[in-house]
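Readers should treat all values here as calculations from the given coordinates under stated rules, not as data from a laboratory. This is a predicted model, so every value here is computed, not measured. All Cβ positions, glycine included, derive from the backbone under ideal geometry; neighbour counts span all protein chains shown.
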Amino acid sequence: MTESVLSAAQIGELEQIYAGLEREYARVAGVLGLSCQGCPDNCCDSYFLHHSYVEWAYFRLGLSQLPEPRQERVRELAGRYLRESARLIAAGERPQLMCPLNDEGLCQLYSHRLLVCRTHGVPARMRRPDGQVLRFPGCFRCQEIVAGTSAKALPEVDRSAFFHRLARLEREFRQQHRPELPRLRLTIAEMLLQGPPGTEQSV
Ligand code: SF4
Ligand code: SF4
């Protein structure tokens, strides 16, 4: 069954935002010579919280298109992830657990993966609406590659325009569903186990 609480226009806009960010990522990674191929790390075990209802809805749409047995398996792994991460957090540790969607190194929802999965590796900056500029150094491998290079000489992705478009989309989605939806802080495992946002089952 295909489920979507996003309109075709919203899906199109999100896919364009993702495509633009990925083009920029590829450009910067190409200049730096950064590739995930053969990397000793795997960022899919990083503990990230996600903040976008629109992304959650799109991610859930991808999940609904997987064969049912695979969805079941993913939900089972997500349940394990949640229990183990809760245990680690209670013990004062930051979880470092493999994402329930990573199957022997391959993302099972690659085309619907979240923004951080698409942007983490390379240096980036973002100008917030209040004018403050945030800088992101890139992943550990990237930082090793650029060590000793002056920050001014480094290529970077400017995320600003993409994130502003995503923020606009997010406002529209909230207005359309529930303006009072709380600020989102969910792991991928939680997104997998809850229904799509904006529906009764997710709140
Ligand atoms: S983003 Fe960086 S640290 Fe993560 S797998 Fe790719 S090269 Fe390795
Ligand atoms: S959604 Fe895919 S790319 Fe993102 S952390 Fe999970 S397995 Fe990795």
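Of the residues Leu63, Gln132, Pro95, the one whose Cα sits farthest toward the positive end of the charge dipole of the chain, with +1 on the Cβ of Lys and Arg and -1 on the Cβ of Asp and Glu, is Gln132. Annotation note: chymotrypsin sites (Phe, Trp or Tyr not before Pro) in the stretch 76-153 located in DSSP loop regions with a Cβ neighbour count of at most 16 within 10 Å are absent. Here the Karplus relation 6.51 cos²θ - 1.76 cosθ + 1.60, evaluated at θ = phi - 60°, turns the backbone of the stretch 138-147 into coupling constants of x, 6, 4, 5, 4, 5, 5, 4, 9, 3 Hz, with x for every Gly and Pro.
Site pair Asp45 and Arg118 shows an inter-label distance of 2.7 nm when each label is modelled 7 Å from Cα along Cα→Cβ. The phi torsions of the stretch 18-30, fed into the Karplus equation with coefficients 6.51, -1.76 and 1.60 and a -60° offset, translate into couplings of 4, 5, x, 5, 5, 4, 5, 4, 4, 4, 5, 4, x Hz, rounded to whole numbers, with Gly and Pro shown as x. Amide H contacts of Val157: Ala124, Arg125, each under 5 Å away and 5 or more positions distant or on a separate chain (H built 1.01 Å from N in the peptide plane; Pro and chain starts excluded). In this structure the amide hydrogen of His50, modeled in the peptide plane, comes within under 5 Å of the amide hydrogens of Leu186, Thr187, none closer than 5 places in sequence on its chain. Farthest toward the positive end of the dipole of the chain, out of Cys117, Val157, Val5, is the Cα of Val157, where the dipole comes from beta carbon charges about the Cα centre. Direction-averaged projected area, Cα convex hull, the chain: 12.8 nm², rounded to one decimal. Relative contact order, whole percent, for the chain stands at 35, derived from Cα pairs under 8 Å and 6 or more residues apart.
A Förster distance of 41 Å, applied to the separation of the beta-carbon atoms of Asp158 and Glu76, puts the FRET efficiency at 0.55. Net charge dipole, the chain: roughly 580 debye, given to the nearest 20, about the Cα centre with Cβ charges of +1 for Lys and Arg and -1 for Asp and Glu.
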